[in-house]
Amino acid sequence: MTTTSSTDGSGPVRLVRSEQLTPSVPYAYAATTDRPGRLLFTAGACPLDDECRVVSPGDVVAQTEQVIANLRTVLQEAGADLTSVVKSTVYVASTRAEDLHAAWDVVARAFGEHDAPSTLLGVTVLGWPDQLVEVEAVAVLP
């Protein structure tokens, strides 16, 4: 049996949880929209400052914080916010699980109770020199 919930019941996204799968994961297993809306597909948010420089080379946490700030900016400019996100993908250029967990901790803290489905990946390299983190998202606009 599947149960559904949303953070406050008023947003466009409902998070789906399964009673047949472990409840110990830090994200919902799926998400759906309760009402019609346009979908927003973001490019991967990168850890770039306003001068197009990668911030904090070598620092996964600081780069993830910048990525989330940039993602929030794009979402807000499109009329959405983090609670509008249906699915995200987090890329971390590392083979170390500790780096993936450090990035995930920042993402999870930013999303709070809106623990939308997400995929966390360790990758070989990302597009900008010194870039360690990138997050893309799909959101629903009102």
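The values are calculated or read from the model by the stated rules, or taken from the named source; none is laboratory data. All values reported here derive from a predicted model rather than from experimental measurement. Ideal geometry is used to build each Cβ from the backbone, glycine not excepted, and the neighbour counts take in all protein chains shown.
Just a yes or no: is a residue in the stretch 111-128 more than 17 Å from the chain's Cα centre (by Cα) and in contact (Cβ under 8 Å) with a residue 60 or more places away in the chain?
yes
Please report, ordered by residue number, the strands (runs of 3 or more DSSP E) entirely within the stretch 80-142 with at least 1 residues that are surrounded by fewer than 21 Cβ atoms within 10 Å (Cβ to Cβ) and in contact with a Phe, Trp or Tyr (Cβ under 7 Å, 6 or more places away or on another chain).
By residue number, 118-123, 133-141.
For the stretch 42-79, enumerate the residues that are buried (at least 18 other Cβ atoms within 10 Å of the Cβ), in a helix (DSSP H, G or I) and among the hydroxyl-bearing types (Ser, Thr, Tyr).
Correct list: Thr64 only.
Every residue, every condition in (1) more than 16 Å from Pro12 (Cβ to Cβ); (2) within 14 Å of the chain's Cα centre (by Cα), yes or no:
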position: Pro23; (1), (2): yes, no
position: Ala69; (1), (2): yes, yes
position: Val86; (1), (2): no, yes
position: Tyr91; (1), (2): yes, yes
position: Ser94; (1), (2): yes, no
position: Ala97; (1), (2): yes, no
position: Asp130; (1), (2): yes, no
position: Val133; (1), (2): yes, yes
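Would you say Ala45 is under 14 Å from Val135 (Cβ atoms) and touching a strand residue (DSSP E or B) at 6+ places or on another chain (Cβ under 8 Å)?
Spelling it out, Ala45 is indeed under 14 Å from Val135 (Cβ atoms) and touching a strand residue (DSSP E or B) at 6+ places or on another chain (Cβ under 8 Å).
Residue by residue, here is whether (1) in a strand (DSSP E or B); (2) at pLDDT 85 or above; (3) surrounded by fewer than 10 Cβ atoms within 10 Å (Cβ to Cβ); (4) not aliphatic (A, V, I, L, M) holds:
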residue	(1), (2), (3), (4)
Thr4	yes, no, no, yes
Thr7	no, no, no, yes
Thr22	no, yes, yes, yes
Val25	no, no, no, no
Pro36	no, no, yes, yes
Leu40	yes, yes, no, no
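In the list Leu82, Leu120, Leu141, which residue meets the criterion of being of a type in the set (A, V, I, L, M), under 19 Å from Leu15 (Cα atoms) and at pLDDT below 95?
On inspection, the qualifying residue turns out to be Leu141.
The conditions are (1) touching a residue at least 40 places away in the same chain (Cβ under 8 Å); (2) within 18 Å of Glu136 (Cα to Cα), and Thr33 fails exactly one of them. Which is it?
Going through the list (1) touching a residue at least 40 places away in the same chain (Cβ under 8 Å); (2) within 18 Å of Glu136 (Cα to Cα), Thr33 breaks only (2).
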